[in-house]
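Below is one structure, written out as structure tokens, with a few remarks after it.
Read-outs throughout are calculated quantities, based only on the coordinates presented, and are distinct from any laboratory measurement. Keep in mind that what you see is a predicted model, and the values were worked out from it rather than measured. Backbone-built Cβ (ideal geometry, glycine too); neighbour counts: all protein chains shown.
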Amino acid sequence: MYTKLQPHRSFNNVNQYLIKEILDASPEKLLLKVYDFAIAQVQRRNLEKTNKAIQELINALDFSTDATKEISMGLLRLYKFCQDKMREKDYDIVYKILSELRDSWSEAINKFKKKE
């Protein structure tokens, strides 16, 4: 009665492309991709996926040294604030914060690469 659906060939190719792109990406590029995903999910008003992406950003924080601990604590507070605001359906503020953080990271990464 039911037949197994076969994935469309172009969809399968896209998946393979994305998998390769992610596996080959630098940590900096992966960070920006997580921000891009989170921002897209905020625009879709998808609480679950946005909060999962933010949780990945939280998991990536580095509290191992005094120098990174202060920055990580500030980012942790911002990420938790964004998660709270998503639950309150205040999408505009979450979009603004994540977009500005993403732009700041992108700028910092570009400046660092120019120094190399």
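Quick one: if the Förster radius is 22 Å, what FRET efficiency do residue 61 and residue 90 give, using the C-beta to C-beta distance and rounding to 0.05?
0.45
Roughly how many whole Å is it from the C-alpha centroid of segment 83-116 to that of segment 52-73?
Cα centres, segment 83-116 to segment 52-73: 14 Å.
State the volume of the convex hull built on the alpha-carbon positions of the chain, expressed per residue in Å³ and rounded to an integer.
154
Work out which chymotrypsin sites (Phe, Trp or Tyr not before Pro) in the chain are exposed loop sites (DSSP not H, G, I, E or B, at most 14 other Cβ within 10 Å) and give the longest gap free of them.
Segment 3-62 is the longest.
Of the chain, which part is the longest with no trypsin sites (Lys or Arg not before Pro) in a loop (DSSP not H, G, I, E, B) and with at most 15 other C-beta atoms within 10 angstrom?
46-88
Would you mind checking the tilt of helix 66-87 against the longest principal axis of the Cα atoms of the chain, expressed as 0 to 90 degrees and rounded to 10?
50
Please compute the length gained on full extension between residue 112 and residue 16, using 0.36 nm multiplied by the number of residues separating them and subtracting their Cα-Cα distance.
Difference between extended and current length: 31.5 nm.
Using only Cα atoms, tell me the angle between helix 47-59 and the longest principal axis of the chain; keep it within 0 to 90° and round to the nearest 10.
Between helix and principal axis, roughly 50 degrees.
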